[in-house]
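As structure tokens, the structure follows; a few thoughts come after it.
The values are calculated or read from the model by the stated rules, or taken from the named source; none is laboratory data. Predicted model only: the values in this text are computed from it and were never measured. Glycine gets a Cβ as well: all are built from the backbone with ideal geometry, and neighbour counts include every protein chain shown.
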Amino acid sequence: MIDPSMVPTIDPNPLPAPYWLFKTLLLVTFTLHIIAMNFMLGGAFLAVIARFTSKGPLSSENKAFRNRIFLDLAKKVPVFLAATITIGIAPLLFVQAIYGQYFYTSTILIAWPWFLLLVILCIAYYGFYYVVYNGQRRPGPASVVSFISLVLVLIVGFIQSTNVTLMQTPTHWAAKYFASPTGWSNNLSDPTLIPRYLHFVTSAIAVGGILLVLLALARWKSDREYAIYLFQYGGKAFMYATMAQFIIGTWFLISIPRNFRMIFMGDSPLASALLIAGILGTIAAIFLMSNALRKQNIRVAAYGVSGLLAVVTITMILMRDILRDAYLEPYFHPHQFAVKTQWAVLPVFLLLFIAGVGLWLLMLQRYSLFSINKPPLADATPTADAAAETEVELVH
């Protein structure tokens, strides 16, 4: 612990709404951001795996299916990336309003990587769109570009994790600054950084598997053979990634300082209950998915496992928030916030917020999750007319 006077003072400007409302909105918007991010990153990861494994020792039918998975997911990843960025603005603003002095300090310490984050995201975004329009006509370059874009998104995630771990550890700030005052600091010395980062990446892969299950459900009646393959591929990806989470999650829990770890081991009833609920929900999801795969019961997988996954995601987000506040407890005191509620605009903001969330969910369903394109003929060679028709399909 450092002298609290070494931490920047709280912003004297009053909050325009009560602290509890800002905290609730932070958690709600971050949950929506995580959902979109997991679909994007998990979808991109499984798309790349499907494309590169399609060149292995598989039957011609399985190779064709994996190429279709690549093309299907490639068309959806840019939509999810746009949603990730757009929705991510809201929790970022709430973090700045509540934890501003910690967030700005950590951002300054990694100023250049943080600045390059937007540049990297733009390159990845254009790369994913290149794959959308060239995935079928230029499969070789599209495969390489998709892999590069995936790596760039993973780099962005690592920068975000670095910022979070620095933000909640003020005791590291002085050493980091004097070691690299030009804004090129890193936080690799923090034992929680790598497991925290892998925890988020692995969970995204699991959610990407659920995305494929939902896509299989949408095709179950119209294209049963392909839907079964989607179901098997996505369901197994979910199970393997979720089982890996037990190892990574245990690593993450052990890497946390003991006084914080004990919060989830009995010191805090709420935190302990959330941890138990998360573990039980994860185990139940694995067994439910395994049973659904054996019986080819896609509705159980699509609705039951998705519901359990939503519960586990919420518990993890709440645990993350509890851990952050525990790290900052010596310096962060919410009662010090000045509050001047703007009653004239607050109801309008809340109504627009709820309407915006509803519109986003509708758009997600309409334009990405359940949009079904006609499968290409296995022996067809793309022509100019076919390419034009494909682009029209993508637009609509």
* Look through segment 41-55, keep the residues that are within 20 Å of the chain's Cα centre (by Cα) and β-branched (Val, Ile, Thr), and return whichever of them is surrounded by the fewest Cβ atoms within 10 Å (Cβ to Cβ). => Ile49
* Asked: Is there a residue being under 16 Å from the mean Cα position of the chain (by Cα), at pLDDT below 95 and either under 30 Å from Pro330 (Cβ atoms) or part of a helix (DSSP H, G or I) (or both) anywhere in segment 56-73?
  -> yes
* segment 35-81: number of residues that are closer than 18 Å to Leu121 by Cβ and in contact with a Pro (Cβ under 9 Å, 6 or more places away or on another chain) -> 1
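Restricting the search to segment 107-130, which residues are more than 21 Å from the chain's Cα centre (by Cα), part of a helix (DSSP H, G or I) and in contact (Cβ under 8 Å) with a residue 40 or more places away in the chain? Can you show your working first?
The first filter runs over segment 107-130 and keeps only residues more than 21 Å from the chain's Cα centre (by Cα), leaving 108-112, 130.
Retained after the next criterion (residues that are part of a helix (DSSP H, G or I)): 108-109, 111-112, 130.
Passing the criteria: Ile108, Leu109, Ala111, Trp112.
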* Asked: List, please: which pairs have Cβ atoms under 8 Å, are six or more places apart or on different chains, and start with a residue in segment 16-43 that is under 15 Å from Leu350 (Cβ atoms) and end with one that is among the aliphatic types (A, V, I, L, M) and outside any helix (DSSP H, G or I)?
  -> Pro16/Val345; Ala17/Val339; Pro18/Val339; Phe22/Leu15
* Asked: Of the conditions (1) at pLDDT below 95; (2) crowded, with 21+ Cβ neighbours inside 10 Å; (3) among the polar types (S, T, N, Q), Asn38 fails just one. Which one is it?
  -> (1)
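Find the residue count for segment 235-270, including only residues that are under 18 Å from Arg196 (Cα atoms) and not aliphatic (A, V, I, L, M).
Adding up the residues that qualify gives 14.
Could you check, for segment 376-383, whether at least one of its residues is modelled with pLDDT under 85 and in contact with an Asp or Glu (Cβ under 6 Å, 6 or more places away or on another chain)?
No - not one qualifying residue is present in segment 376-383.
Matching residues to (1) crowded, with 16+ Cβ neighbours inside 10 Å; (2) touching a helix residue (DSSP H, G or I) at 6+ places or on another chain (Cβ under 9 Å); (3) under 28 Å from Trp112 (Cβ atoms); (4) not polar (S, T, N, Q):
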residue	(1), (2), (3), (4)
Asn186	yes, yes, yes, no
Asp190	yes, yes, yes, yes
Phe200	yes, yes, yes, yes
Leu212	yes, yes, no, yes
Arg219	yes, yes, no, yes
Gly235	yes, yes, no, yes
Phe238	yes, yes, no, yes
Ala241	yes, yes, no, yes
* Which residue pairs have Cβ atoms closer than 7 Å, lie 6 or more positions apart in sequence or on different chains, and pair a first residue in segment 327-349 that is in a helix (DSSP H, G or I) with a second residue that is aromatic (Phe, Trp, Tyr)? -> Tyr327/Phe260; Leu328/Tyr102; Pro334/Tyr19
* Asked: Considering segment 197-230 alone, what residues qualify as being more than 26 Å from Ser255 (Cβ to Cβ) and either in contact with a Cys (Cβ under 8 Å, 6 or more places away or on another chain) or polar (S, T, N, Q) (or both)?
  -> Ser222
